[in-house]
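Down below is the structure, laid out as structure tokens.
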Amino acid sequence: DKFAQIVAAQGGDASVLYDLDKGLPRSSRREVYYAPEDIIVQDIDAFEIGMASTKLGAGRSYADDAIDYDAGLILHAQVGEIVRKGDPVFTAFVGDELNREQLTTLADPDQRLQEGFDRAMDAIVLAPNRAEFMITPPPIIEYYVDRSGMTPFKMLGC
């Protein structure tokens, strides 16, 4: 909610934060991974998700690489969440229309979509929805850093 307040204070439309379909236009060129059965998200490798986004064209490997501003990933579930059979786990997408610079430096959109999708698949660890695979989601903040160094973060009242 604090981020929404900051967006609104700067004249932005904070409602976009709560409804992704209201945000930037997204490409129709997309691939969705649906849960094949009820599953639990065991882990998400943030570095690999970043590399998957780069494969899609949403990031750069080199400073002079072009960016596809319509490319990206949506993660529909977080670590520890149960995803029901048929519900989306993640969506990968690439731009439909590229300018001349993008066409010369970015790979074929279908190739980027497949490579980014595959890399995202490798970044997300899923397990069947059974008691032995249940996990406690990791804390969002584990440590804070100040002048005295790194200190474990504890919520007040915990």
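The values are calculated or read from the model by the stated rules, or taken from the named source; none is laboratory data. Computed from a prediction, not measured in an experiment: that's the story for all the values here. Don't worry about glycine lacking a Cβ; one is built from the backbone with ideal geometry, like all the others, and counts go over all protein chains shown. Areas reflect the complete protein model, heavy atoms only, side chains present, ligands, DNA and RNA absent. Shrake-Rupley method; radii C 1.70, N 1.55, O 1.52, S 1.80 Å.
Between beta-carbons, use under 12 Å as the cut-off and find the net charge around I40, counting Lys and Arg +1, Asp and Glu -1.
-3
Solvent-accessible surface of the chain, averaged per residue with a 1.4 angstrom probe and all protein chains in place: 68 square angstrom. Report the calculated FRET efficiency for S28 and Y69 (r = Cβ-Cβ distance, R0 = 25 Å), to the nearest 0.05. E between S28 and Y69, to the nearest 0.05, is 0.95. Taking a straight line from the alpha carbon of K85, these aspartates and glutamates sit under 19 Å away, with near neighbours fewer than eight places off in the same chain left out: E31, E37, D38, D43, E132. Taken along the Cα-to-beta-carbon direction at a fixed 7 Å, the label points for M150 and R130 span 3.6 nm. In angstrom, the C-alpha Rg and Dmax of the chain are 18.5, 56. Computed from the C-beta positions of I140 and Q111 and an R0 of 35 Å, the FRET efficiency is 0.50 to the nearest 0.05.
Sort segment 1-89 into rounded, prolate or oblate with this rule: let a ≥ b ≥ c be the square roots of the eigenvalues of the Cα gyration tensor; rounded if a/c is under 1.5, and if a/c is not under 1.5, prolate when a/b is larger than b/c, oblate otherwise.
Note, shape of segment 1-89 comes out oblate.
As a fraction of the 1.4 Å probe accessible area of the chain, surface on carbon and sulfur atoms comes out at 53 percent.
Give me the dipole magnitude in Debye, nearest 20, for the chain about the Cα centre, with unit charges on the beta carbon: positive for Lys and Arg, negative for Asp and Glu.
Numbers: 15 positive and 27 negative charges, 84 e Å.
That gives the chain a dipole magnitude of about 400 debye.
Distances between placed amide hydrogens fall under 5 Å for L126 paired with Q42, all partners being 5 or more residues away or on another chain. Relative to the longest principal axis of the chain, what angle (0 to 90°, nearest 10) does the C-alpha long axis of helix 46-56 take? It is inclined by approximately 10 degrees.
Peptides 9-18, 32-41, 50-59, 123-132 ranked from most to least packed give 50-59, 32-41, 123-132, 9-18, packing being the mean of other C-beta atoms within 10 angstrom over each peptide's residues.
Count Lys and Arg as plus one, Asp and Glu as minus one, and take only other residues whose Cβ is under 13 Å from that of E81; the net charge is then -2.
To the nearest ten degrees, helix 109-123 and the longest principal axis of the Cα atoms of the chain are 20 degrees apart.
The alpha-carbon of K2 sits under 23 angstrom from the alpha-carbons of these lysines, leaving out residues fewer than 8 places away in its chain: K22, K154.
For every helix of n ≥ 4 consecutive DSSP H residues, a contribution of -39,500 (n - 2.57) applies; sum these over the chain, divide by its total residues, and give [θ] at 222 nm rounded to the nearest 500 deg cm²/dmol. Computed ellipticity for the chain at 222 nm equals -7500 deg cm²/dmol.
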